[in-house]
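Written out below as structure tokens is the structure these notes cover.
The values are calculated or read from the model by the stated rules, or taken from the named source; none is laboratory data. What you see is a predicted model, and the numbers here were worked out from it, not measured in a lab. Neighbour counts run over all protein chains shown; Cβ positions are idealised from the backbone, glycine included. For accessibility, only protein heavy atoms count, side chains too; no ligands or nucleic acids. Shrake-Rupley method; radii C 1.70, N 1.55, O 1.52, S 1.80 Å.
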Amino acid sequence: MGGDFGPHCIVPACISALAEFPSLHLALVGQAPLIEEQLARQSGVDRSRLQVHHASEVITMDERPAQALRGKPDASMRVALELVRQRQAHACVSSGNTGALMALSRYVLKTLPGIDRPAMVSPIPTERGHCYLLDLGANVDCSAEHLYQFAIMGAVAAETLGVSRPRVALLNVGTEDIKGNQQVKLAANMLQQAHGLNFIGYIEGDGMYRGEADVVVCDGFVGNILLKSSEGLAKMITGRVEKLFSDGLFAQAIGALAMPLLRRLKADLAPARHNGASFLGLQGIVVKSHGAAGQESFQSAIRCALREVQENLPQRLHGRLEDLLL
């Protein structure tokens, strides 16, 4: 029910996901009449792999997390998380209020032993492929201990998802030891002493895009600004290149030759392809979709959740965290 488009976007995305993954089953949680109305507009819906769970209340995008936690027991977001807690679902995907989703996830699912706060993580495109950036906005104010836990979780998640001995770095205003605020410096000292962790020190924003690290750690205030700025910059660059190739007959002729490469670049950088931020550190899988996500983007978030289910990510995290946490 959340995000900028609600069921109008999410229902078609779910139908496409069911077609893409024959073993997938989905439960759509929200106001049943609205969901059924959208389902009726879709063709070829396999209802044997799709259920509708009615929830009478909706958490708005500007609602305070504490209010959502206490005042709406039948909110669609909470009902969806309860399905995960009761093991009626393997994962929850939502494009709703981020703060409310985090608060409810911590309350309903609880965190893994040794983890104070879950962190949002997502792959970010780099020259060498991608890196995992966390936190992306779930925790605006973080202590050194929180940054340390984020680094451990990010490293274990990257390793679980196929990165051998991931390089872990702290995002900073410089690479020298004297740079950074007190929290970052203390976190660096803690990470340098972590056995079994490939901590490479500080990294600046440009180094992240060069692919100098596999896991980049920062607080949610910095991470969210970096993520949104990156998305805006990618759109601006591709938009300007397209405009240059449409300015005059000669430019159009050159553009016709370059268009296949431009489309490939645009697809590689498109936020829709990388949509879906995981809440690491919970005793269950929760994936946050961008609030402005369209159908293709929300389908990417479902893919992200499905992969974590297949990799059994929370259980694998739990097994490794005991060895790495102080």
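Using θ = phi - 60° and the Karplus form 6.51 cos²θ - 1.76 cosθ + 1.60, what ³J(HN,Hα) does each residue of region 133-141 get, whole Hz, x for Gly and Pro?
For region 133-141, the Karplus curve yields 10, 8, 9, 9, x, 6, 10, 6, 10 Hz.
Under a 5 Å amide H to amide H cut-off, with H placed in plane at 1.01 Å, what residues pair with Val286 once short-range neighbours are removed?
For Val286, whose amide H was placed from the backbone, the distant partners under 5 Å are Cys92, Phe279.
Taking the chain as a Gaussian network, Cα atoms linked when under 10 Å apart, which of Gly154, Gly137, Gly232 shows the biggest mean-square fluctuation?
Gly232
Taking the simple approach of a point 7 Å from Cα along Cα-to-Cβ for both Ala32 and Val173, what is their distance in nm?
Going by the 7 Å Cα→Cβ label model, 5.6 nm.
Take the solvent-accessible surface of the protein heavy atoms, probe 1.4 Å, and return the percent of it on the chain that carbon and sulfur atoms account for.
Within the chain, the accessible surface is 53 percent carbon and sulfur.
With the crude spin-label approximation of a point 7 Å out along Cα→Cβ, what separation in nm comes out for His90 versus Lys243?
For the pair His90/Lys243, the computed spacing is 4.5 nm.
Could you tally the net charge around Ala213, taking each other residue with its Cβ under 13 Å from the Cβ of Ala213, Lys/Arg +1 and Asp/Glu -1?
Local net charge: -1.
Averaged per residue, what accessible surface does the chain expose to a 1.4 Å probe, in Å²?
Result: 49 Å² of accessible area for each residue.
State the answer as a single residue: which of Pro22, Leu147, Ala187 lies farthest towards the positive end of the charge dipole of the chain, with beta carbon charges of +1 for Lys and Arg and -1 for Asp and Glu, about the Cα centre.
Pro22
Using per-residue counts of other Cβ atoms within 10 Å, averaged over each peptide, order 301-308, 157-164, 193-200 from highest down.
Per-residue Cβ counts within 10 Å, averaged per peptide and sorted highest first, yield 301-308, 157-164, 193-200.
Under the Karplus relation 6.51 cos²θ - 1.76 cosθ + 1.60, θ = phi - 60°, what is the ordered set of whole-Hz ³J(HN,Hα) values for region 20-37, x standing for Gly and Pro?
These are the phi-based 3J(HN,Hα) values: 6, 10, x, 8, 7, 10, 10, 10, 8, 10, x, 6, 4, x, 5, 5, 5, 4 Hz.
Go ahead and run the numbers for FRET between Ala19 and Ser56, Cβ-Cβ distance against an R0 of 25 Å, rounding to 0.05.
0.25
Quick one: which residues, 5+ away or cross-chain, put their amide H under 5 Å from the amide H of Ile59? H built at 1.01 Å from N.
Ser76, Met77
Once phi is turned into ³J(HN,Hα) by the Karplus curve 6.51 cos²θ - 1.76 cosθ + 1.60 with θ = phi - 60°, what whole-Hz value does each residue of region 204-217 show in order, with x for glycine and proline?
8, x, 5, x, 4, 6, 7, x, 6, 9, 9, 10, 10, 10
Are any of the pairs Lys185/Lys235; Lys72/Lys288; Lys110/Lys235; Lys72/Lys235; Lys72/Lys185 more than 30 Å apart by Cα-Cα distance, and if so, which?
Listed pairs above 30 Å: Lys185/Lys235; Lys110/Lys235; Lys72/Lys235; Lys72/Lys185.
If you average the sequence gap of Cα pairs under 8 Å that are 6 or more apart and divide by the length of the chain, what percent do you get for the contact order?
Rounded, it is 22 percent for the chain.
Which whole-number percent gives the relative contact order of region 120-270, counting Cα pairs below 8 Å spaced six or more residues apart?
Relative contact order comes out at 30 percent.
For Arg64 and Ser164, what does the FRET efficiency come to when R0 = 56 Å and r is the distance between their Cβ atoms, rounded to the nearest 0.05?
The calculated FRET efficiency here is 0.85.
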